[in-house]
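The values are calculated or read from the model by the stated rules, or taken from the named source; none is laboratory data. A quick note: this is a predicted structure, and the numbers were derived from the prediction, not measured. Every residue, glycine among them, receives a Cβ derived from its backbone with ideal geometry; neighbour counts consider all protein chains shown.
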Amino acid sequence: MGDPEPARASRLARARSAYLRSAAEQAIDWHPWGREPFELARRTGRPVLLDIGASWCHWCHVMDEGTYSDPEVARLLAQQFVAVKVDRDEHPEIDRRFQRQVNALTGEGGWPLTAFLTADGEAFYGGTYFPPTDGHGRPGFRRLLREIGRLWSEEPGRVRANAELVRDALVRQGPAAAPPPVELGRFVDGVLRDLDRAFDPAHAGFGGAPKFPHPAAVRLLLWDEARAERAASGEKARDTLVQMADGGLYDQLGGGFHRYSVDEGWHVPHFEKMGVDNAELLEAYVDGLRRFGDPRFEEVVRGIVGWSTEILGDPAGGWGASQDADNAPGDDGSYFTWTRAEIRDVLGPEEARLVTRAFGVGTDARMPHDPDRNVLFRLLTPAEAAEGLPSAGDPGAALARACARLRAARDRRPTPTVDRALYASINGRFVGAYAEAGAALAEPTWIDRARAAAERWLAHAYAPERGVAHRLDGTAASGYGLLDDQVSFARGLLELAVGRAEPAYLRAATSLLELTRREFAGDDGLLRDVAPTLYEGPEIGGATAAAYSLEDAPHLSANAAAALAFVRLGALVNEPAWTEAARGLLGALARRLDGTGLFAAGSALGAALLETSPVRVVVEGSGPAADALERVARRAWHPGLSVFRGTPPEPFSLPEEARAARGSSEPRALVCFGSSCVPPITAPAALAERIRAGRPAPA
């Protein structure tokens, strides 16, 4: 017999995870992740059903609302299984391990992840979404539960064989059989060739449907344009940024990007908005703005900052995790989509025609399940959309006013849930992205938001001997020992340290990266995703067994983020040990990822930057002329740029030539490329051109 109904309901009702709490009233006797359900499975001789999902996951909601609300499914689970529910954002280490196990068995992965486990936490069967009865080309969950129950009781040998099959497959996938070394330059060139082959010349981006944004790939193309003076790489990067921003992937009314596009043309998205994706896209659009000066990219930067501040922002500092795709059971994007009638109800006839034309209503972004509903995407420029309309005035301003009215009307709709959980990996990415965006656009309040988040985490969820915790609830920290948290937060602190020229953030980042090298060292020079000595969770399902985050999916892998952090820190403090640490890690990554193309873009970017001389700019003097030099320097683009107002304090490093030349009270900029510096520059245009060139002027 399971627990009585009140205990069952309260078990998830007390959970910190919004995803778990949303299932508290289901008739299923759910357990959160921990030792208790596995001990219960051992005592009762039952298998474990593991459900891994997230509050932003549309198909997780579909399975909760259909399959797990089915009375017969609940009855079968109560009779024969111990049911465990996991929030993949709360436990990414558990998700990573069981994604690998299920994939080894079935070739499937994604969310919801459905796995059947032994009491030792070993998977012997699994899949993703299952309807309650046969349908969608998938077996019904009722039938599956009956068959798994029969298999468990009547054919335990097959259960053991399946579990052993998984173990053997994971051993074969392990790092023991490391391929031969790959020269880093050849690795980078190979990834660039793969990006060129994968590039979509019609719609930009990479590959076909479903199409994900890959910010690291865009940044790598920008580096290639600068390094090799390959205009085609820059054009691909710019075209990708433009088409993603103009598509339905970008929320044209509310700012921020949805997770991915279901079509190759960026028209119809999967509507969840992820903090991790938007933070990395913010970095990419800041790079695009610095490189191309496109006003559209500034709009997008401001849109991402506006959405993430308004929707994810925590008043005490930091950012929540995500915004759901749905606003009610059975929903599929109704909050974000429009019918012609809804547009006409909000706007006057002429405004409605302008919006309908500009945003392609009735063309390529109609919802497949309801063609009357449309995702707004930029089909025409405001001027093109206004042709033939009688009113005079600025078409851009008219469209902006219409969008504001549509946004106000949308705000009155039932809104998708926001997961306000604070995770270090996401917050670290936002700290760095806000610091960079604030510097580039001269928005000090954005840097202040980054600083407030960093101070909150450093005060309540950081210790030099433990690193940064995964989760912060108020002032309570939990979940130490995850690699992605350390390296993502360190990268954010490094950019904040540059933006503020504050050595405290640089020292904290250095401490995190020292801990990373010490506690997360794994086989073959890679970094494992969990540090066994720091991890607080139960040793179930191989939680501390060596596993590695190597491929971008599509955001940076933890190992790629670590390599980028090592490269950046080495440049800022001129410490060869960090450069060599980056070289060693990138060598290991190149061996593992050679031939994986797009999914190695973050590691290739790290390898590219390792061989790129950093650019350091010190702006001296005061007054409007010095301010202008600083603005130009911070708005300029170079992949390894650091800008300081005045000489930065230790442990920031400057070449001896720059330290000897510093101290002028007159407005001027000292510019150094690696260890070589150029004569002081006083003209803003000359400063921008010199940074853009990425090297001293030829003699």
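Evaluate the following for P180: is it assigned by TED's automatic domain parsing to the domain that holds D64 and touching a residue at least 40 places away in the same chain (Cβ under 8 Å)? It is false that P180 is assigned by TED's automatic domain parsing to the domain that holds D64 and touching a residue at least 40 places away in the same chain (Cβ under 8 Å). If you go through segment 346-359 one residue at a time, do you hit one that is surrounded by fewer than 22 Cβ atoms within 10 Å (Cβ to Cβ), of a type in the set (F, W, Y) and not assigned by TED's automatic domain parsing to the domain that holds L458? For segment 346-359, residues surrounded by fewer than 22 Cβ atoms within 10 Å (Cβ to Cβ), of a type in the set (F, W, Y) and not assigned by TED's automatic domain parsing to the domain that holds L458: absent. Here P156 fulfils each of the conditions (1) assigned by TED's automatic domain parsing to the domain that holds F116; (2) within 21 Å of the chain's Cα centre (by Cα) apart from (2).
Of the residues making up segment 392-411, at least one is assigned by TED's automatic domain parsing to the domain that holds G275, at pLDDT 95 or above and closer than 30 Å to L20 by Cβ.
Among the numbered conditions (1) under 24 Å from the mean Cα position of the chain (by Cα); (2) among the small types (G, A, S); (3) assigned to a helix (DSSP H, G or I), the only one that G584 does not meet is (1). Against the criterion of being in contact (Cβ under 8 Å) with a residue 60 or more places away in the chain, part of a loop (DSSP other than H, G, I, E, B) and buried (at least 24 other Cβ atoms within 10 Å of the Cβ), S549 qualifies.
Within segment 653-671, the set of residues being modelled with pLDDT of 95 or more and closer than 25 Å to V567 by Cβ comprises A669, L670, V671.
Within segment 495-510, is even one residue crowded, with 20+ Cβ neighbours inside 10 Å, more than 29 Å from S642 (Cα to Cα) and at pLDDT 95 or above? No; the residues of segment 495-510 include none that is crowded, with 20+ Cβ neighbours inside 10 Å, more than 29 Å from S642 (Cα to Cα) and at pLDDT 95 or above.
Is at least one residue of segment 86-97 more than 29 Å from the chain's Cα centre (by Cα), outside the structural domain of A553 (by TED's automatic domain parsing) and surrounded by fewer than 23 Cβ atoms within 10 Å (Cβ to Cβ)? The answer is no, given that none of the residues of segment 86-97 is more than 29 Å from the chain's Cα centre (by Cα), outside the structural domain of A553 (by TED's automatic domain parsing) and surrounded by fewer than 23 Cβ atoms within 10 Å (Cβ to Cβ).
For S334, indicate whether it is within 16 Å of the chain's Cα centre (by Cα) and either modelled with pLDDT under 95 or polar (S, T, N, Q) (or both). Answer is no for this residue. It is to be established whether one or more residues within segment 552-566 are of a type in the set (F, W, Y), more than 22 Å from D194 (Cα to Cα) and within 24 Å of the chain's Cα centre (by Cα). Taking every residue of segment 552-566 in turn, at least one turns out to be of a type in the set (F, W, Y), more than 22 Å from D194 (Cα to Cα) and within 24 Å of the chain's Cα centre (by Cα). Looking across segment 226-260, the residues that are among the acidic types (D, E) and either modelled with pLDDT under 95 or under 23 Å from W59 (Cα atoms) (or both) come down to E229, D251.
In segment 18-28, the count of residues that are more than 31 Å from the chain's Cα centre (by Cα), touching a residue at least 40 places away in the same chain (Cβ under 8 Å), assigned to a helix (DSSP H, G or I) and under 28 Å from A545 (Cβ atoms) is zero. Inside segment 52-85, residues that are touching a Cys at 6+ places or on another chain (Cβ under 8 Å) and outside any loop (DSSP other than H, G, I, E, B) make up a count of 1.
Filtered by the rule that a residue be more than 13 Å from A439 (Cβ to Cβ) and at pLDDT 95 or above, segment 623-638 gives G623, P624, A625, A626, D627, A628, L629. On the given criteria, is V286 surrounded by 23 or more Cβ atoms within 10 Å (Cβ to Cβ) and under 29 Å from V643 (Cβ atoms)? Taking the combined requirement at face value, the residue satisfies it. Annotation note: of A421, A450, A433, A439, the sole residue that is closer than 15 Å to E283 by Cα and in contact with a Lys or Arg (Cβ under 7 Å, 6 or more places away or on another chain) is A439.
Would you say A284 is of a type in the set (A, V, I, L, M, F, W, C), assigned to a loop (DSSP other than H, G, I, E, B) and under 25 Å from the mean Cα position of the chain (by Cα)? Considered against the rule, which asks whether it is of a type in the set (A, V, I, L, M, F, W, C), assigned to a loop (DSSP other than H, G, I, E, B) and under 25 Å from the mean Cα position of the chain (by Cα), A284 comes out as no.
For segment 105-117, the tally of residues that are within 20 Å of L550 (Cα to Cα) and buried (at least 19 other Cβ atoms within 10 Å of the Cβ) stands at 1. Being under 19 Å from F98 (Cβ atoms) and of a type in the set (G, A, S) is the filter; apply it to segment 16-59 and report the residue that is surrounded by the fewest Cβ atoms within 10 Å (Cβ to Cβ). Checked segment 16-59; the qualifying residue surrounded by the fewest Cβ atoms within 10 Å (Cβ to Cβ) is G34. Can you say whether A78 is at pLDDT 95 or above, assigned by TED's automatic domain parsing to the domain that holds D134 and farther than 21 Å from R160 by Cα, as far as the supplied structure shows? Spelling it out, A78 is indeed at pLDDT 95 or above, assigned by TED's automatic domain parsing to the domain that holds D134 and farther than 21 Å from R160 by Cα.
Just a yes or no: is a residue in segment 616-629 assigned to a helix (DSSP H, G or I) and of a type in the set (K, R)? The answer is no; no qualifying residue exists. Within segment 474-519, the set of residues being acidic (D, E) and either closer than 24 Å to D287 by Cα or in contact with a strand residue (DSSP E or B) (Cβ under 8 Å, 6 or more places away or on another chain) (or both) comprises D484, D485, E495, E502, E519. When R662, R692, R592, R616 are screened for being more than 30 Å from D523 (Cα to Cα) and buried (at least 18 other Cβ atoms within 10 Å of the Cβ), only R616 passes. Return the residue satisfying two criteria in turn: it lies in segment 667-679 and is part of a loop (DSSP other than H, G, I, E, B) and farther than 14 Å from T647 by Cα, and of such residues it is nearest to the chain's Cα centre (by Cα). Top of the filtered list is G674.
Checked across segment 507-525, the condition of being assigned by TED's automatic domain parsing to the domain that holds A469, without any contact (Cβ under 8 Å) to a residue 12 or more places away in the chain and closer than 18 Å to A588 by Cα holds for at least one residue.
Being at pLDDT 95 or above and part of a loop (DSSP other than H, G, I, E, B) is a property that L556 has. Tell me yes or no: at least one residue of segment 377-384 is touching a residue at least 12 places away in the same chain (Cβ under 8 Å), farther than 23 Å from F257 by Cβ and of a type in the set (D, E). Yes: segment 377-384 contains one or more residues that are touching a residue at least 12 places away in the same chain (Cβ under 8 Å), farther than 23 Å from F257 by Cβ and of a type in the set (D, E).
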